[in-house]
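Chemist: Pasting in a structure now, in C-alpha cells, and then I'll have a few things to ask.
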Amino acid sequence: MAEESSCPRPTEGLLSVVGTPIGNLSDASPRMVSTLGAADAVLCEDTRVTGKLLAALGVRAKRLERCDENVILSRVPVLVERLLAGEHLAFVSDAGMPGISDPGQRLVDAALDAGVRCEVVPGPSAVTCALVASGFSSEHFFFEGFLPRKRSQQIARLSELAAVPGALVLYESPKRVAKTLDAIAEALPERDVALVRELTKVHEEVVRARAADLARQIAERDEVRGECVIVISAPSEGELSARRRADATAGMPLDEAIAEGLASGESKSALAKRLSKQYGVPRSEAYEKVVAAGSEKTDEAGNL
C-alpha cells in the first residue's frame, strides 16, 4: 500500500471583503486601511478609482488587480487557487460594501465552498444609509437593487413587489431616476417615496413625497446628479387588505368579485378602483357596475 504524501499543506489564505467609503473619506475605518495595506493584492472594479482612494488614505497596496463584472466570473477559479496557495486577497468595489448587488458575491461563494477563510471588514452601505435617511419604518425591508430598464417590465416587477410587507430599497442612475419614479407612481400610487442621493457627501439630499408628487418634482429638475437610492414605504394595512381581497377573487367573474367586495364592506369607490385594475376595465364602467350591484343589494334587503 502506497504511503500518503508527506508534502506540507499550503499556508492558509484569506479573502477580505472590504467596505469602502461611499463618498466621505472620513468614513474609512482603521481596520479598512490596515487590511488593504496588508493584502498581497487588492481586487477592484476600477484600478484608477481604487488607486485614488488608497492614495488619499495614504495606503500603499502591494498590487491592484482589475476584477470587475466583465472579468470576475472567468477569474474566480484562479483566484480561489491563489487563496488556497496562501495568498491574502482583499476585494473592494468602487464604493460601499462589495457583494451587495455586485458580482463579487460569486467569489465569496466559491471561496467558502473551497474552504477558504473569509472575513468581512464592515463599511458604509448605501442600502442601510438610505433606509435610515428616508425616515420610513425599517422593521422589515426588501432590497431589490436595479429595476429592469423597460417601463413595462418595471411596472410588472413593482406589481410583484407590492406584496412585500416592508419598505422597498432600489438603486437607480441619475439619468433614469425620473422615469423610474414615474413608473413607481403608476404601479404604487398610494405609497410615500423618498429619493436619497449623494449619500455622505456635501450635497446629500433626501426628498420625500407621495409617489406621483415626487415623480413630478424630480421630472421638473433640469438635472439630477449623484448616485441615487429610492426608498418606497411599506404598504398600509388597507393596501394589504385590498391585495388579499384581490387574491381571494382572482379567477372570479367580475360580477361575483363585486358581490364579494360589497359583502366584505369595501367602499364602492375603492372596490371600483381595485377591480378596474384587476380586470382591466375602465374605472367608470367598474364603478357603474359596483353602484348597480349595491342598489340591487339594498333593494333585496328592503324587500325582505
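Please treat every number below as a calculation from the coordinates, not as lab data. Quick caveat: nothing in here was measured; it's all calculated off a predicted structure. Note: ideal-geometry Cβ built from the backbone for every residue, glycine included; neighbour counts use all protein chains shown.
Chemist: What Kirkwood radius, in Å to one decimal, follows from the Cα pairs of region 73-128? All intermediate terms of the calculation are to be shown ahead of the outcome.
Modeler: Working: mean 1/r = 0.0833 Å⁻¹.
Mean inverse Cα-Cα distance, inverted, gives 12.0 Å.
Chemist: Moving on to the next point. Explain nothing, just the number: relative contact order of region 54-210, from Cα pairs under 8 Å at least 6 residues apart, as a whole percent.
Modeler: Working: 141 pairs, mean separation 25.4, N = 157.
Worked out over region 54-210, it gives 16 percent.
Chemist: Sticking with this one: Just to compare against my own numbers: the Cα pair-distance distribution for region 14-124, 5 Å bins, whole % per bin, please.
Modeler: 2, 13, 26, 28, 19, 9, 2, 0
Chemist: Per Stokes-Einstein, at 4 °C and 1.567 mPa s, what whole-number D in µm² s⁻¹ belongs to region 237-298, with the Kirkwood radius over Cα pairs as the hydrodynamic radius? The partial results should precede the final answer.
Modeler: Details: Rh = 11.3 Å.
Here the translational diffusion coefficient equals 115 µm²/s.
Chemist: For region 17-83, run through the GluC sites (Glu not before Pro) and keep only the ones in DSSP coil with at most 16 other Cβ atoms within 10 Å of their Cβ.
Modeler: Numbers: sites: GLU45, GLU65, GLU69, GLU81; in loops: GLU45, GLU69.
Answer in residue order: GLU69.
Chemist: Just to confirm the filter: which trypsin sites (Lys or Arg not before Pro) across region 32-122 are DSSP coil and have at most 11 other Cβ within 10 angstrom of their Cβ? Don't skip to the answer; put the middle values down first.
Modeler: Details: sites: ARG48, LYS52, ARG60, LYS62, ARG63, ARG66, ARG75, ARG82, ARG106, ARG117; in loops: ARG60, LYS62, ARG63.
Those that pass, being in a loop and sparsely packed, are ARG60, ARG63.
Chemist: Sort out for me the Cα centre separation of region 147-183 from region 24-64, rounded to whole Å.
Modeler: Answer, in whole Å: 33.
Chemist: What is the mean projected area of the alpha carbon convex hull for the chain, to one decimal in square nanometres? If you can, show how the numbers build up before the last one.
Modeler: Details: hull surface 98.3 nm².
Averaging across all directions leaves 24.6 nm² for the Cα convex hull.
Chemist: Given the DSSP H assignment, sum -39500 (n - 2.57) over each helix run of at least 4 residues in the chain and divide by its residue total; what's the result at 222 nm in deg cm²/dmol, nearest 500? Please list the in-between numbers first.
Modeler: Numbers: 12 runs with 138 residues, N = 304.
Mean residue ellipticity, 222 nm, calculated: -14000 deg cm²/dmol.
Chemist: What residues from region 76-92 fall in the zone where the backbone N is under 17 Å from a label point 7 Å along the Cα-to-C-beta line of GLU119?
Modeler: 83-84, 86-92
Chemist: Would you mind calculating the relative contact order of the chain from Cα pairs under 8 angstrom and at least 6 residues apart, reporting the percent as a whole number?
Modeler: 15 percent.
Chemist: A further question follows. Structure shown: which of LYS52/LYS179; LYS150/LYS289; LYS150/LYS273 lie over 27 Å apart, alpha-carbon to alpha-carbon? List each step's numbers first, then the result.
Modeler: Values: LYS52/LYS179 33 Å; LYS150/LYS289 34 Å; LYS150/LYS273 25 Å.
Exceeds cut-off: LYS52/LYS179; LYS150/LYS289.
Chemist: Report relative contact order for region 181-270 in percent, whole number only (criteria: Cα-Cα under 8 Å, sequence separation at least 6).
Modeler: Values: 87 pairs, mean separation 23.6, N = 90.
Relative contact order here is 26 percent.
Chemist: Using DSSP, restrict attention to beta bridges with both residues in region 14-124 and report what percent are antiparallel, rounded to the nearest 5. Don't jump to the answer; show the numbers that get you there.
Modeler: Values: 1 of 16 bridges.
Bridges in region 14-124 are about 5 percent antiparallel.
Chemist: Quick one: of the DSSP bridges fully inside the chain, what percent are antiparallel, nearest 5? Please list the in-between numbers first.
Modeler: Values: 17 of 37 bridges.
Antiparallel: roughly 45 percent of the beta bridges in the chain.
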